[in-house]
Each structure stands twice: as structure tokens, then as C-alpha cells.
Amino acid sequence: MRRSAYIDNARWALIALVVLGHLLELVIWKRSQLLVVYRSIYLVHIPALIFLSGAVCSSELSRKALSGVVSRLLVPLAVFQFAAWLLDHFAWWPGPRVANLDQPWWLLWYLAALAAWRVLLPLFDTMKVTARWTIAILLSLVAGFLGDLPPTTQRILVFLPVFMAGHYFFGAISAWGEKVSVKIAAAGILCCVVIFMAMHNHFDMHWLYGNTNYGQLRVTGLEAVATRAVHLAAVIVASGAFLILVPRRDGIIATAGQYSISAYILHGFLLKAVSVGLAAILLRIPWPVVLTGSAVVAAAVSLVLSRRTLSNFVMMSWLSSALVGDPHRRDAQRKSTLPP
């Protein structure tokens, strides 16, 4: 896919929101004033990131494509999962713990989910439109009834329609977003998100995480299905609204956005390493300063960690080439050996 400054800007902005959300997570248990911001971020940032991932994902199913899934997603997942497991053995390392090596640690779930969606997309692409969306939505709604599903599998199924919506509708949203009237409407939608979160203080955040079954959420039957359906519709609309407002100019943000995967993964390890001390500092500061400072830090961290060298390290290019080879090089070699 040809590079797009618009998509790269969106990537960086969403990763910055991920970092901001994780910073606020350290203090929201004692800073209730920040809950509205925290909940609003979580309604948008991960669904919008999934939506955007669907937009840039190819529905091609080939040996080269599968090799890319292994080298660009599963190899880094395995390496950083092992790193998190090793760090678990140090007393100073805070949670969340790695319960099992086969269950992705904290934010690494996203790599596993991307791999699953990338493999499933070609299958859905072969279906008729009605069947495609019926199956995807049913899987999302029914997942909450399957109490034994691991959290990552739960998220894969719950957010599947969001990923597919990004793949099939991003082009239309991108085109609409050039109209001023649409941008005003998108800003209004995001304002409604903040107002909703402010008015519903007891809203269960686990609906937004997507990793909890209906039994744990203490809802059953039609109420559970209806709530999940409303949640899906809300996050898809909010994701589209956010992406409409993303600037389209090329620049330092777009450059960083190309390599934002390194910021996504590395900030998690850095934040966990300093979380105890950082939380103690933030709890002594007035909440407006915490919010402003966290936003500045999130932007800075997302810029500093979004570098080509760090991205190459995170994606384990050298290790992937050794394990599964370079699909581009293999194709070139195969073509060079074909008879004229």
C-alpha cells in the first residue's frame, strides 16, 4: 500500500492516546476528575486503531502474505512475550503478570489479534456481503456467552466487525472527511462521547476493553446482546469521527506514524518499569496539571519511540529473516530462476 500521510498521522495520534490512557490509568483510582477523559479515550483509541488496521490490511491470501503475518506479528509477539515473562521473575517488576506464556501479556494482545484478523479477512472477503456481516456480528455478540474464552480470543471476536468496517468503509470515510460540514459533525459526535461519559459515572469500563464475558459483566440474555450491539455501533461511529478529524498534511507527525509500532510496544515496558514511582509523583500533583503533563509526556514519548531503528528492533527484522526468510527476496530469487 502506498504511504499516506493521513494514515500515518492517524497512527501516531492513536498511539499517543494509548500512551495517555496508560498514564492516566496510574492515578484514576484516586483522581476521579480524570475518569471522563480516561473513559472517552478508551471508547475511541483502541477501536479506531483496529478500524485503521483494517483499512490498511490486504485481503490477499498467499504464502507471502502468511509469511508476513509470521515475521511482522507473531515473531515480535513471541519475543516480547518471552521478555515480559522473564521480567516477571524480578521482584521490582509490577503487574500485570504473565499467567501463561501462551496468553499475550497486557498490550501484546493486539499483535495476536492483528494476526488473527489478517488471516480471517480473506475468508470473509470471499463471502457475499450479507453473509459476511451477519457472521462477523454474530461472532461478536455471541462471544460474551462463551465464558471459557481467553481474554485475547474474546477481543478478537468482539472487535472483528470494527476491523472489517475499517477495511470496507475507510475509503468512504476518508472521502467524506474532506468536507467541512462532515468535520463539524464528527467533532459534535466526539463531544457527545465526552458528555455521555460525564453523565454515566458508573459505566462499566470492561465493555470498552472487550475482554470480558457477559457473566463477568453481570448481564444476561437480550440485555447483554443489545448492550454489545450498541457498544459496537458506538465505537465504529466514534472511530470514524476521530479519523475524519485527523490532519492530512505530511510532516514530523506523519514520519513518526510510519514507525509507531515501536512506541506502542516499548512504552508499555518503560511505563511498567517506572509505574510505582511515577504514580506516587502524579498523586501529589493537582489533576489539571496531571492531565496536561500526561498529554505532553504521551506526545513526547510517542515521537521519541517512533523511530525507524526502534521499529526495526521491535519488528525483529533480522530474526524474522532468519526464521521465515524474506518473502520479497524469495520471490525475486524464484522469478530469476524461471525459464524465459
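I'd like the carbon and sulfur percentage of the solvent accessible area for the range 178-297, probe radius 1.4 Å, heavy atoms only, ligands and nucleic acids excluded. If you can, show how the numbers build up before the last one.
Values: 4550 of 6380 Å².
Using a 1.4 Å probe with all protein chains present, the range 178-297 comes out at 71 percent carbon and sulfur.
Through the Karplus equation 6.51 cos²θ - 1.76 cosθ + 1.60, θ set to phi - 60°, convert the phi angles of the range 167-178 into ³J(HN,Hα) values in whole Hz; use x for Gly and Pro.
Those phi angles translate into 5, 9, 10, 4, x, 5, 5, 4, 5, 4, x, 7 Hz.
Let me check against my output: what whole-number percent is the relative contact order of the chain, with C-alpha pairs under 8 Å and at least 6 apart? Walk me through the numbers before you get to the answer.
Values: 400 pairs, mean separation 115.3, N = 340.
This gives 34 percent for the chain.
With a cap of 15 neighbouring Cβ atoms within 10 Å, and only residues DSSP puts in a loop, list the trypsin sites (Lys or Arg not before Pro) found in the range 92-168. Working shown, then result.
Numbers: sites: ARG97, ARG118, LYS128, ARG132, ARG155; in loops: ARG97, LYS128.
The qualifying sites are ARG97, LYS128.
Can you tell me which lysines have their Cα less than 17 Å from the Cα of LYS64? Leave out same-chain residues fewer than eight positions away.
Filter leaves LYS335.
Taking θ = phi - 60°, what integer Hz values does the Karplus form 6.51 cos²θ - 1.76 cosθ + 1.60 yield along the range 35-50, in sequence order, with x for Gly and Pro?
Whole-Hz 3J(HN,Hα) from phi for the range 35-50: 5, 4, 5, 4, 5, 5, 4, 6, 6, 10, 5, 6, x, 5, 5, 5.
Could you work out the helix-only [θ] at 222 nm for the chain, with each DSSP H run of four or more residues adding -39,500 (n - 2.57) and the total divided by the number of residues, to the nearest 500 deg cm²/dmol?
Computed ellipticity for the chain at 222 nm equals -23000 deg cm²/dmol.
How far is it, in nm, from the label point at ALA280 to the one at PHE196 when both lie 7 Å from their Cα along the line to the Cβ?
4.0 nm
Which entry in (1) 164; (2) 174; (3) 133 is this structure's computed volume of the Cα convex hull per residue in Å³?
Comparing each candidate, only (1) matches the computed number.
Using a probe of 1.4 angstrom, how much of the accessible area of the range 53-138 is carbon and sulfur, in percent? Walk me through the numbers before you get to the answer.
Working: 2930 of 4340 Å².
Carbon and sulfur together cover 67 percent of it.
Taking loop as defined by DSSP and a crowding limit of 15 other beta carbons within 10 Å, which trypsin sites (Lys or Arg not before Pro) in the range 1-66 fit?
Working: sites: ARG2, ARG3, ARG11, LYS30, ARG31, ARG39, ARG63, LYS64; in loops: ARG2, ARG3, LYS30, ARG31.
Here the sparse-neighbourhood loop sites are ARG2, ARG3, LYS30.
Heavy-atom accessible area per residue, the chain, 1.4 Å probe: how many Å²? Please list the in-between numbers first.
Details: 16840 Å² over 340 residues.
Counting only protein heavy atoms, the per-residue value for the chain is 50 Å².
Suppose we flag chymotrypsin sites (Phe, Trp or Tyr not before Pro) only when DSSP calls them loop and at most 13 other Cβ atoms lie within 10 Å. Which is the longest uninterrupted stretch of the chain? Write out the running numbers ahead of the final one.
On the way: sites that count: TRP29, PHE90, TRP92.
By the stated rule (loop sites, at most 13 other Cβ atoms within 10 Å), 93-340.
Under 1.5 on a/c is rounded, so check that first for the range 92-212, then, if it is not, pick prolate when a/b is larger than b/c and oblate when it is not; a ≥ b ≥ c are the square roots of the alpha carbon gyration tensor eigenvalues. Walk me through the intermediate numbers first.
Numbers: a/c = 1.88, a/b = 1.21, b/c = 1.56.
Verdict is oblate for the range 92-212.
The values are calculated or read from the model by the stated rules, or taken from the named source; none is laboratory data. Please read all numbers here as calculations on a predicted model, not as lab measurements. As a convention, Cβ positions derive from the backbone with ideal geometry for all residues, glycine included, and neighbour counts pool all protein chains shown. To get the accessible areas, we keep the full protein, side chains included, count just its heavy atoms, and leave off ligands, DNA and RNA. Shrake-Rupley method; radii C 1.70, N 1.55, O 1.52, S 1.80 Å.
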